[in-house]
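Working notes for the structure below.
The values are calculated or read from the model by the stated rules, or taken from the named source; none is laboratory data. What you see is a predicted model; the values in this text were computed from it and never measured. Counting neighbours? That spans all protein chains shown, and the Cβs are built from the backbone with ideal geometry, glycine included.
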Amino acid sequence: MKRSPTFEALIAELGKLPGIGRKSAERIAYHILKSPKEEAFSLTRAIRAVKEKIVVCSLCFNLAETDPCPICADPSRNQGQILVVEDPKDIAAFERAGVYHGRYHVLQGRLAPLRGVAPENLRIRELIGRVKEGGVKEVIIATNPDVEGDATALFIARMLDPLSVEVTRIGLGVPMGGSLEYTDSITLGKALEGRKNFKPSM
Ligand SMILES: [Zn+2]
């Protein structure tokens, strides 16, 4: 039986999602087709809402429903610490763990010369700007522990070196090649606790 173009279009859209191959897209499309109308519409409403309501914080580049985001706007967060991450997903991991009480800075990626990601494509200039504004005592670099994450950390440490700010890198609690996003709370807490001074000469 030939499938309707409407149904094919849904499969095609789902197939564009990361990690969803043709087979999974078909399975999800059938699930949506069979599910109650209200359930399917609640999914489309949720998709619409993230695109309409979520904004990027102009200070830390976290995703939030307000600008500045609730973390930047919270006076009880330690203003002297900035924890640098690649992605908002990493902030979510630290917040879930409840181990960090300073502010954040999202790079929106990591250096990857082979994929054409250069320093100017990341929010490094904005980070330097925040440090130059004063009041920041420590920048904790929490890029992922792999080759690109390490190269990114080193580049940032070099840029911050002339400024009077302590630069640290989270500890070895996170396994090499592991992803912060999937690191459990205890390991993440230990990695933060075990952070070490990070000098570009090292
Ligand atoms: Zn923010």
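In table form, for the structure just shown:
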read-out	value
Residues that are in a helix (DSSP H, G or I) and aromatic (Phe, Trp, Tyr), drawn from segment 41-61	Phe41
Lone unmet requirement of (1) loosely packed, with under 13 Cβ neighbours inside 10 Å; (2) away from the ligand (no atom under 16 Å from the Cβ) for Glu65	(2)
Top-ranked residue of segment 141-163 - restricted to ones that are buried (at least 22 other Cβ atoms within 10 Å of the Cβ) and hydrophobic (A, V, I, L, M, F, W, C), ranked as nearest to Val85 (Cα to Cα)	Ala142
Candidate set: segment 1-17, residues that are modelled with pLDDT of 95 or more and part of a loop (DSSP other than H, G, I, E, B); chosen: the one surrounded by the fewest Cβ atoms within 10 Å (Cβ to Cβ)	Lys16
Top-ranked residue of segment 101-110 - restricted to ones that are closer than 17 Å to Val139 by Cβ and more than 14 Å from the ligand (Cβ to nearest atom), ranked as surrounded by the most Cβ atoms within 10 Å (Cβ to Cβ)	Arg110
Qualifying position, being touching a Leu at 6+ places or on another chain (Cβ under 9 Å), part of a loop (DSSP other than H, G, I, E, B) and farther than 27 Å from Arg125 by Cα, among Ile32, Ile20	Ile20
Residue pairs meeting the criteria (Cβ under 6 Å; at least 6 apart or on separate chains; first in contact (Cβ under 8 Å) with a residue 60 or more places away in the chain, in segment 98-117; second within 16 Å of the ligand (Cβ to nearest atom) and among the aromatic types (Phe, Trp, Tyr))	Tyr100/Phe94
Selected residue (only one of Ser58, Ser76 is surrounded by fewer than 11 Cβ atoms within 10 Å (Cβ to Cβ) and under 30 Å from Pro145 (Cα atoms))	Ser76
